Amino acid sequence: MSRIADLNRRYAAAAAVGHNGVEIVAVGDPAGARLNAAVRGLLAAVRDDGPGLWDDLVGAAKALRSRLVTQPQPISVNPALIQASEEVRRQAGRLRGATADEALLDELAAAALAVGVSDPPLGAVLLRSVEEVGPSECVVVAASRPAQIAITNWLRATGARVFTAGELERQRPSVDQAYVVGPPRFFGSSLVTAPVTSAVSFLLPAWFRDRSIPQSVIAAYAEGAIRIEGRLFTEGDISEPAGTDGVPEMEEDFLPQPIWGARKSADREPGADEVVARKVLLSGNLAILLDDGDRIRALDLEQPPGERVVYTEVNAVRPGTYLLLRQGDTERGALYLAALDLLSTKGPAVDTAQKAWKEALARRLKEVSYPRAIRELRACGVRTADRARAWTDPTLMRPNRDEDFEALLKWLDIPIQPTFGLATMLRRAHHQASADLRDQLEKAVSEADLSVLERDGHWRLDIEREGVRGLIATRAIAISPFTEIVPRHDARVPFEDRSGQWLE
Amino acid sequence: MLTPGDNSSSRSLFPSATFAAVFISCGWVAARPAEPLRPPLEILREIAPGTLVRVLTENKVIVDRFTALNESTTPARLCLYNSQWEVPHVRGLRVLDGPEEPVWSARPHAGAIGRMAHFGETWDARLVSPAADLAIVGTLAWLRDELGTFLCREGETPDLPKKLTDDIARAAAKRKPYRVDVGHGSLADVILPKDTKPSTWSTRLYSSSRLLDQLPLPKDLKAVVLDGNGGIKYLAEVETPVVICILDRSVADETAAELLVQLRNTRGEPVATREAIGWSPPAGVEALAFTVAL
């Protein structure tokens, strides 16, 4: 199909879904409803008791419950559900004696056992829907890669195609109907606001009460905003255990969460060799401490070869972002040296001038207190004054705006020239070094099998080439809700961390 | 609507952003006023040998150094370093003041867009003195592909030059990709990208993956189209009076949209597109506009 025909089809599908809305099929699932009620009882107990003791049981219980929603295959082809059910019972067993709430543990274990031995009713409805429309006339959309693999294995004999939302977008099969396994909020708004098919049905257990349909981020403020309506259908026995009606679950309550522990840093300003950083959990049992400094190298798999290695803003790093990291080192340190190298004989003069203004800035920040410094800089016309602390970092060349840099130097009582010229020269060399490295990275990435990266979430470049040695591409899984003060040399260097073990 | 110092940002959200940046850019280029042409002979009598000029003829756009004007022949003759032209065949001419190298390319023709936008008599002037104040930041491979597209009204067939259809057929027979160039009448002829050494250009193209190493953007830009997440993440570095961000709803990553909404809600002054610029988004397109004080 030509790109234009494809585009026309796309607009037609968006118009159809915009006009007709989407179908929401809520399937009665008494065993799941019982488990859901038990998990919510557990969460209430944890709220009263505080985390720590309960972390592993909560993680396991949420993992089991989310699998009921995203992996509805019959139990004979559902190892993930069986395994999660066993894990909940094991974790409940470990807590016996450690808590007074034995009844809660008993109910959780019994409910987990029940869902671990019965076929989820959702699966039967999915299979029937696919067969009614015809497996070649529809697609099934799974909420995650593990769910996609599991449902594919189950439905293989029918010939139905099963995609993740990302695959659906890339492959754009020419069928009219999509059956989505899971509630709308488990998927991005693009699945309904930019649909690939002209009809979309979501299948979910009736006990999952939050059936809200996401809209695009700008819709709340936009002209021509698209709001997709849902038409609700129910199937089977939708009765629920007593006392569980009403309150819809919030997602942060629903999905397994990483274990962040408590914030360790005291409430203070970071010192000269420290930065404020957020922990980012990464695929492959890794993590980094990401400071709010300059942009970080990332990989955009949606882009064509040659334009995949990108920079991304630190505050734009989200779960799903692929970061390009070095083992035991940061990129900026290496680039700074490469840039000085490119300047050859002028290198030492540049280095001296950079050190002088950065040290003067660090001193001034200490003398006048940070908030006052920012106020003064703003008053001098420095528009990006809130970056002042970042500018003390030796590997950050200079403020981006010429006007900001000039005003900053004036504020520091440093003559604008030659410092301004030397820093600009360094920035040019840094651009050159960065572009050179980028080309090497693009080359390395073009030789890689990106489907492995998508499947596993991480991938090591096993290439012996100067500049890209020891490089890892890894997907961000979760980002800590709080910041810590950490030594500057620890920031952005990947380390082993297993606190994301309950996340899929 | 725009006053100096205002950064008017308009963001549109499409089900798929394919072609959106290129069409919007066509609109920008078409809306720029054309600088009136002075008679070539008048200019040629004023300039010194060695001056760099852009010369437009019936078939070519040439950038070269002027050597002499020979008025003893009939008709008068323009001599450049690398070619000579009878002055009546020179449709337009201007003096350039850049370090540009001598280069020539086929004369662009605006095709269906030119007819719809009524370029008519201003087309020569647009080719000689394009506004050259627009930049697109996006995925170069896709932008180049889209620039090679021909547009026509529904029911019409695009007016492809015969040589082009022959060349495309030959390339297809050899199973080789064919890149439509400026001069064939595709969208590139309206946008006039400053890509591989063109003899006239109106729009700079940047790959969002390489932009960080190319900042800051030139100061003479009046508008920048940030196409997709990769481009929009550089919004903070763009200080042109107009910024157009194109969000692709089919892309699951919503960080760029979040950055925009945050900017609108913290520093922006909302603008109603219908009242302010007389534009209502077509079905399936969500749009929001706001100004930000610089």
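Between A and B, buried accessible area from a 1.4 angstrom probe totals roughly 4200 Å², ignoring ligands, DNA and RNA.
Excluding same-chain neighbours fewer than eight residues apart, the aspartates and glutamates reachable from A:LYS279 by a Cα-Cα span under 13 Å are A:ASP291, A:ASP292, A:GLU484, A:ASP490, A:GLU496, A:ASP497. DSSP beta bridges fully contained in the protein assembly as shown are about 55 percent antiparallel. Solvent exposure of segment A:260-504, expressed per residue, is 47 Å² of accessible area, with all protein chains present and a 1.4 angstrom probe.
Between the beta carbons of B:ARG274 and A:ALA220, assuming R0 = 25 Å, the FRET efficiency works out to 0.90 to the nearest 0.05.
The modelled label-to-label distance between A:GLU447 and B:LEU96, using points 7 Å beyond Cα along the C-beta direction, is 4.0 nm.
A simple spin-label model places the labels of A:SER369 and B:LYS60 7.2 nm from each other, with each point 7 Å out along Cα-to-Cβ.
Quote the FRET efficiency, to the nearest 0.05, computed for A:ARG90 versus B:GLU121 with a Förster distance R0 of 56 Å and r equal to the Cβ-Cβ distance.
So, using R0 = 56 Å, E works out to roughly 0.10.
Of all aspartates and glutamates in the structure, those lying under 13 Å Cα to Cα from A:LYS358, and not within fewer than 8 positions of it along the same chain, are A:ASP273, A:ASP393, A:ASP413. Site pair A:LEU53 and B:VAL103 shows an inter-label distance of 7.4 nm when each label is modelled 7 Å from Cα along Cα→Cβ. Once the chain from A:GLU132 to A:THR152 is taken as fully extended at 0.36 nm per residue, the excess over their C-alpha distance is 5.4 nm.
In segment A:30-116, the portion of solvent-accessible area held by carbon and sulfur atoms comes to 55 percent [1.4 Å probe, whole percent, DNA, RNA and ligands not counted].
The ellipsoid equivalent to the alpha-carbon distribution of segment A:30-116 has semi-axes of 22, 12, 11 angstrom, derived from the gyration tensor eigenvalues as √(5λ) and listed largest first. Packing order of peptides A:203-213, A:127-137, B:164-174, highest average first: A:203-213, A:127-137, B:164-174 (average count of other Cβ atoms within 10 Å over each peptide's residues).
Step through the table entries A:LYS355/B:LYS219; B:LYS194/B:LYS233; A:LYS366/A:LYS410; A:LYS366/B:LYS219; B:LYS163/B:LYS197, compare each Cα-Cα distance with 25 Å, and write down the pairs that go over it. Over 25 Å apart, Cα to Cα: A:LYS355/B:LYS219; A:LYS366/B:LYS219. Sorted on the mean count of surrounding Cβ atoms within 10 Å across their residues, most packed first, peptides A:317-324, A:57-64 read A:57-64, A:317-324. Relative contact order of chain A, taken over Cα pairs closer than 8 Å and 6 or more residues apart, is 19 percent. Classify segment A:260-504 as rounded, prolate or oblate from the Cα gyration tensor: take a ≥ b ≥ c as the square roots of its eigenvalues, call it rounded if a/c is under 1.5, otherwise prolate when a/b beats b/c and oblate if not. Oblate. Look at where the Cα atoms of segment A:136-174 and of segment A:274-342 average out, and the two centres are 32 Å apart. Per-residue shielding of B:233-239, expressed as the average number of other chain Cβ atoms within 10 Å of the residue Cβ, stands at 3. Note on the protein assembly as shown: helix-only mean residue ellipticity at 222 nm, from DSSP H runs of 4+ residues weighted -39500 (n - 2.57) and normalised by residue number, equals -11500 deg cm²/dmol.
The GluC sites (Glu not before Pro) of segment B:66-168 meeting both criteria, a DSSP state outside H, G, I, E and B (loop) and at most 11 other C-beta atoms within 10 angstrom of the site's C-beta, are B:GLU154, B:GLU156. Farthest toward the positive end of the dipole of segment B:98-183, out of B:LEU134, B:GLY183, B:ALA110, is the Cα of B:GLY183, where the dipole comes from beta carbon charges about the Cα centre.
With R₀ set to 56 Å, the beta-carbon distance separating A:GLN83 from A:ILE416 gives a calculated FRET efficiency near 0.30. With the highest mean first, a sort of the peptides A:71-77, A:491-497 on other beta-carbon atoms found within 10 angstrom per residue produces A:71-77, A:491-497.
Our note on the geometry: Cα centres of segment B:63-117 and segment B:244-266, 44 Å apart.
With protein chains left intact and a 1.4 Å probe, residues in segment A:30-116 average 38 Å² of accessible area per residue. Remark: mean inter-chain Cβ contacts per residue of A:305-315 equal 5, using a 10 Å Cβ-Cβ cutoff to other protein chain atoms.
A full extension of the chain between A:LYS264 and A:GLN171 corresponds to an added length of 28.9 nm, given 0.36 nm per residue minus the alpha carbon distance. Could you work out how far helix A:55-70 tilts from the main Cα principal axis of chain A, as a 0 to 90 degree angle to the nearest 10? So the inclination is approximately 60 degrees. Shown here for segment B:29-91: chymotrypsin sites (Phe, Trp or Tyr not before Pro) in loop regions (DSSP other than H, G, I, E, B) with at most 12 other Cβ atoms within 10 Å, namely B:TYR81. Which whole-number percent is the relative contact order of chain B (Cα, under 8 Å, 6+ apart)? Answer for chain B is 28 percent. Of the whole protein surface, A:ASP29 contributes about 20 Å² of accessible area at a 1.4 Å probe radius.
Can you give the mean number of other chain Cβ atoms that lie within 10 Å of the Cβ atoms in peptide A:184-196?
Other-chain Cβ atoms within 10 Å of each residue's Cβ, averaged: 4.
Apply the a/c threshold of 1.5 to the C-alpha gyration tensor of chain A and tell me whether it is rounded, prolate or oblate. It is prolate, given that a/c is not under 1.5 and a/b is the larger ratio. Listed by chain and number, the lysines placed with their C-alpha closer than 16 angstrom to that of B:LYS174 amount to none; residues fewer than eight positions away on the same chain are left out.
In segment A:260-504, taking the dipole from charged Cβ atoms about the Cα centre, the farthest positive-side position among A:VAL314, A:GLN440, A:TRP459 is held by A:VAL314.
The values are calculated or read from the model by the stated rules, or taken from the named source; none is laboratory data. What you see is a predicted model; the values in this text were computed from it and never measured. Here the Cβ is made from the backbone with ideal geometry for all residues, glycine too, and neighbour counts use every protein chain on show. Keep in mind that these areas ignore ligands, DNA and RNA; they rest on the heavy atoms of the full protein, side chains included. Shrake-Rupley method; radii C 1.70, N 1.55, O 1.52, S 1.80 Å.
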